[in-house]
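**Student:** First the structure, then my questions, so here it is.
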Amino acid sequence: MRHYFPEMPPRVEYELSEMSASMLPALEGFTSWIRIHWPQIEENRRAFDKE
């Protein structure tokens, strides 16, 4: 959700809607997977860049 404040300078704040907040459990699983596999991801990138 976007909240606009007509100030000088203009200010905008964002927050998750109820529907988007319901995605957090799925995203937590994904970010956990990334944390676990990050060393292998970096190693694969380095190997690819060497080719």
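The values are calculated or read from the model by the stated rules, or taken from the named source; none is laboratory data. None of the values given here were measured: they were computed from a predicted structure. Because the Cβ atoms are built from the backbone with ideal geometry, glycine has one as well, and the counts that use them run over all protein chains shown. Side chains included, ligands, DNA and RNA excluded: accessible areas come from the protein's heavy atoms. Shrake-Rupley method; radii C 1.70, N 1.55, O 1.52, S 1.80 Å.
**Student:** Can you show me the helix-derived [θ] at 222 nm for the chain, built from DSSP H runs with n ≥ 4 at -39,500 (n - 2.57) apiece and divided by the number of residues, rounded to the nearest 500.
**Tutor:** Result for the chain, helices only: -20000 deg cm²/dmol.
**Student:** Moving on to the next point. With r as the distance between the Cβ atoms of residue 47 and residue 17 and R0 = 35 Å, compute the FRET efficiency 1/(1 + (r/R0)^6) and round to 0.05.
**Tutor:** On the way: r = 41 Å, r/R0 = 1.17.
For R0 = 35 Å, the calculated efficiency reads 0.30.
**Student:** Contour minus end-to-end for residue 32 and residue 1, with contour as 0.36 nm per residue of separation and end-to-end as the Cα-Cα distance?
**Tutor:** Values: separation 31, 0.36 × 31 = 11.16 nm, distance 2.58 nm.
So the chain would gain 8.6 nm between residue 32 and residue 1.
**Student:** Here is a further query. How much of the accessible area of the chain, in percent, comes from carbon and sulfur atoms when a 1.4 Å probe is used?
**Tutor:** It is 63 percent, rounded to a whole number.
**Student:** How do 21-29, 7-15 rank on mean C-beta neighbours within 10 Å, highest first?
**Tutor:** 21-29, 7-15
**Student:** Can you give the accessible area per residue of the chain, in Å², using a 1.4 Å probe?
**Tutor:** Numbers: 4980 Å² over 51 residues.
Each residue of the chain exposes 98 Å² on average to a 1.4 Å probe.
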